[in-house]
1. May I ask you to say which residue of Ser99, Ser126, Ser90 is assigned by TED's automatic domain parsing to the domain that holds Arg202, over 14 Å from Leu178 (Cβ atoms) and either in contact with a Leu (Cβ under 6 Å, 6 or more places away or on another chain) or at pLDDT below 90 (or both)?
2. Among the numbered criteria (1) among the aromatic types (Phe, Trp, Tyr); (2) farther than 22 Å from Val4 by Cβ; (3) part of a helix (DSSP H, G or I), which one does Tyr269 miss?
3. If I ask for residues that are crowded, with 18+ Cβ neighbours inside 10 Å, outside any strand (DSSP E or B) and either in contact with a Pro (Cβ under 8 Å, 6 or more places away or on another chain) or in contact (Cβ under 8 Å) with a residue 40 or more places away in the chain (or both), which ones from region 163-188 would you list?
4. Residue under question is Ala116, and the condition is that it be aliphatic (A, V, I, L, M) and closer than 23 Å to Asp213 by Cβ; does it hold?
5. Considering every residue within region 75-98, establish whether at least one is touching a residue at least 24 places away in the same chain (Cβ under 8 Å), among the aliphatic types (A, V, I, L, M) and more than 22 Å from Phe186 (Cα to Cα).
6. I'd like to check something: does region 127-141 contain any residue that is touching a residue at least 60 places away in the same chain (Cβ under 8 Å) and within 16 Å of the chain's Cα centre (by Cα)?
7. Are any residues in region 151-187 farther than 28 Å from Pro214 by Cα and touching a Ser or Thr at 6+ places or on another chain (Cβ under 8 Å), and if so, which ones?
8. When only residues in region 247-261 that are free of Cβ contacts under 8 Å to residues at least 24 places away in the same chain and surrounded by 14 or more Cβ atoms within 10 Å (Cβ to Cβ) count, which is farthest from Gln197 (Cα to Cα)?
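The values are calculated or read from the model by the stated rules, or taken from the named source; none is laboratory data. As the structure is a computational prediction, the values presented were derived from the model and not from experiment. Positions of Cβ are generated from backbone atoms using ideal geometry, with glycine treated the same way; all protein chains shown enter the neighbour counts.
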Amino acid sequence: MDLVDSAVLARLSRLAVQARVPMSGSINGIHRSATRGSSVEFAEYRKYVPGDDIKNLDWRVYARTDRFYIKEFEADTNLRCCIILDTSASMGFAGDHGSKFDYARRLAATLAYLLAHQGDAVGLLSFAEKTLTDIPPRNSASHLRHIFDTLKTIEPKGGSEIVQTLHEAAERVSQRALVVVISDLFTDPTELLDGFQHMRFRKHDLAVFHLLDPQELAFSFDRPIRFVDMESSFSMITDPSIIETDYRHAIQQYLDTVTRGCREFNVDYQRVLIDTDYEKTLASFLLQRAGKSAAGGRARS
């Protein structure tokens, strides 16, 4: 399958993938650093100490206070991004708009290209019942090709251990990074939010694409049908009208819990119906991040 569309890339390349929190990097880039350095963006004042470069002294402040203060600026840095892709069997569910997994692969591949294009390092971690692929973040054409080749070969199968994967990844990614999770999040919401909280505790900038097929929300079944658990051998035949009310209540309660938890832990949560064009999904994500990054810059100035 073609993972990326050149026309989509051309349009989205006008938008930068912005970090919402200061990052740590080894080369100059477009993202705020966790350390101070030389940049055009003022950060704060601190008292002068012997050995400081006097060119950073603010003489206007000295004239008002008769004290020496150094101007510090935000350093610019490159970004590390780890894309965590759910490859469990439920991601293979395909309705009228294709499968959740094919949609997820397009999101992952396009986002990886955009990050590499702007000089950032990107990696890929895929999981089901265990971690299947762990490609550390790097920035090179051959590395990006390795990610694309991997995305083409993996298929959705097995159960999902997303909670364990999140906890392990939170510790494995040593430097603060942008962590992008692409999954249908089929797990207990309380345990899921514990994993999100762990990511945020480790200072990672966490973004989540929660993929849903429209049928999962509409539940538009009008005759007896067999429902099959794609991650186990369980199945049941029932009349949808009997369970519809309980199902709608359960799914809404689940979504509300996840949404509230993401808001509490400052997780960038994107609920995505896969009948939405993936370009529109990514454009909305990038524009929201650009707005938050700009707002953060104005607040510090």
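1. Checking each option against the conditions leaves just Ser126.
2. Condition not satisfied by Tyr269: (3).
3. Of everything in region 163-188, those that are crowded, with 18+ Cβ neighbours inside 10 Å, outside any strand (DSSP E or B) and either in contact with a Pro (Cβ under 8 Å, 6 or more places away or on another chain) or in contact (Cβ under 8 Å) with a residue 40 or more places away in the chain (or both) turn out to be Thr165, Leu166, Ala169, Val173, Arg176, Ala177, Asp184, Leu185, Phe186.
4. So Ala116 fails the test.
5. For region 75-98, residues touching a residue at least 24 places away in the same chain (Cβ under 8 Å), among the aliphatic types (A, V, I, L, M) and more than 22 Å from Phe186 (Cα to Cα): present.
6. no
7. Those that are farther than 28 Å from Pro214 by Cα and touching a Ser or Thr at 6+ places or on another chain (Cβ under 8 Å): Glu168, Gln175, Arg176.
8. Once the filter is applied, the top-ranked residue is Leu255.
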